[in-house]
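First up is the structure itself, then whatever we jot down about it.
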């Protein structure tokens, strides 16, 4: 793998350096918007318990194990973050709008949360994150607990300037890591070892988490296949899907290469997938339904069954989580809005041969789609 100084540092990316004051301002705005949404939905309070949502509202991302973490946003203008005492020291930069409430190891945090929520009755919760036992306990305290995760999801869909800068920085790191990996990759390399080396490289350059998925030859016919002990051989297609979390936000890109000249299948599959991606990117416009983006790529990929199968949708939103809603699949009617960021990743897969996928991260703007990474136009050819 390349030396550490071969990759871009976070400070080299325009807009990537954000002051604490900027973060504090952003979280204050988000808290107020969530409060307004809760009031509009007839709620007395909203309770955020998912780690991404807590990070979105406070800048603090908890390690979610068995302990309760929650942010309560009250309709009356008050609010609090409830954490185990062992995590209280991590809240120095939490927004001043939130009271800090810590509970001892002798408590499960629910009595303290009930005190924070006192005076409220109808509580909106993230139904995908609040476990049943805790919801039941809140009801025993007299609260009317209702599903309302869509309120914070809708806020998180639209990225602000701070978030766009962070996602762009993550894309920069991933893209340059891909380029360095391809520059070093040679026949005889082992899938599992290459994945481990790339993950280590991403972490060395600031990624707090990384998910490389680099597959060779026929293994790439499974979009979510597991890296094995297979060695790289002449004639193989390499499908390299890398995602990394930098300063809390994810970048997710996929590039493909051939070892030596591309086969007829690889060449035609690449051209098809590239055209499908262009069509899907062009469909990333405000007002379009998410399913329309998928339809734009699916109609092309499915037109060539001789090259393989279309096994997944066009992509997904990305941000504090590597996979976020809305998802670009046939069932999603959600209209695209300014500030949404999606992966656009059409692919085609032929069992026994391989898979070709091309993925970039795309920002929806009022003037049209903006690709946050360098849009690949050529299939990489590696030395054989």
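Each value in this text was obtained by applying a stated rule to the coordinates, not by laboratory testing. Everything quoted here is computed from the prediction, not taken from an experiment. Cβ atoms come from the backbone with ideal geometry, glycine included; neighbour counts cover every protein chain shown.
At 25 °C and 0.890 mPa s, grab the translational diffusion coefficient of region 198-312 from Stokes-Einstein with a Kirkwood Rh over Cα pairs, rounded to a whole number in µm² per second. Translational D for this selection: 153 µm²/s.
Counted over all Cα-Cα pairs of region 20-157, pairs farther apart than 27 Å make up 10 percent.
If both residues of a DSSP beta bridge must be in the chain, then about 75% of such bridges are antiparallel.
Dimensions of the chain along the principal axes, based on C-alpha atoms and rounded to the nearest Å, stand at 69, 42, 38, largest first.
Mean residue ellipticity, 222 nm, helices only, the chain: the sum of -39500 (n - 2.57) across DSSP H runs of n ≥ 4, divided by residue count and rounded to 500, is -10500 deg cm²/dmol. Using alpha carbons only, how many angstrom separate the centre of region 226-290 from the centre of region 173-201? A separation of 15 Å, based on Cα centres. Shape verdict for region 307-384, please, from the Cα gyration tensor: rounded (a/c under 1.5), prolate (a/b greater than b/c) or oblate. Oblate shape, in that a/c is at least 1.5 and b/c is the bigger or equal ratio. When both region 328-347 and region 39-118 are represented by their alpha-carbon centers, they are found 31 Å apart.
Listed from fewest to most Cβ neighbours within 10 Å, the set 345, 104, 370 follows the order 104, 370, 345. Seen through its C-alpha gyration tensor, with square-root eigenvalues sorted a ≥ b ≥ c, region 154-255 comes out prolate because a/c lies at 1.5 or above while a/b is bigger than b/c. Each of 78, 193, 199 was scored by other Cβ atoms within 10 Å of its Cβ. Arranged with the fewest first, they read 193, 78, 199.
Where both partners of a DSSP beta bridge lie in region 20-157, what percent of those bridges are antiparallel, to the nearest 5? Please report the intermediate quantities before stating the final value.
Values: 8 of 20 bridges.
In region 20-157, approximately 40 percent of DSSP beta bridges are antiparallel ones.
Exposure proxy shown here: for 367, 243, 374, the number of other Cβ atoms within 10 Å sets the order, fewest to most, as 367, 374, 243. Diffusion coefficient (Stokes-Einstein, Kirkwood radius over C-alpha pairs, 20 °C, 1.002 mPa s) for region 254-384: 144 µm²/s, rounded to a whole number. Placing a label point 7 Å from the Cα of residue 144 along the Cα-to-Cβ direction, the residues of region 116-132 whose backbone N falls under 20 Å from that point are 116-127. Can you give me the Rg/Rh ratio for region 92-147, using Cα atoms for both radii and the Kirkwood formula for Rh? Rg/Rh: 0.98.
Please label the shape of region 161-382 as rounded, prolate or oblate, based on the square roots a ≥ b ≥ c of the eigenvalues of the alpha-carbon gyration tensor (a/c under 1.5 means rounded; beyond that, a/b larger than b/c means prolate, else oblate). Present the calculation step by step, with values, prior to reporting the outcome.
Values: a/c = 2.02, a/b = 1.21, b/c = 1.67.
It comes out oblate by the Cα gyration axes.
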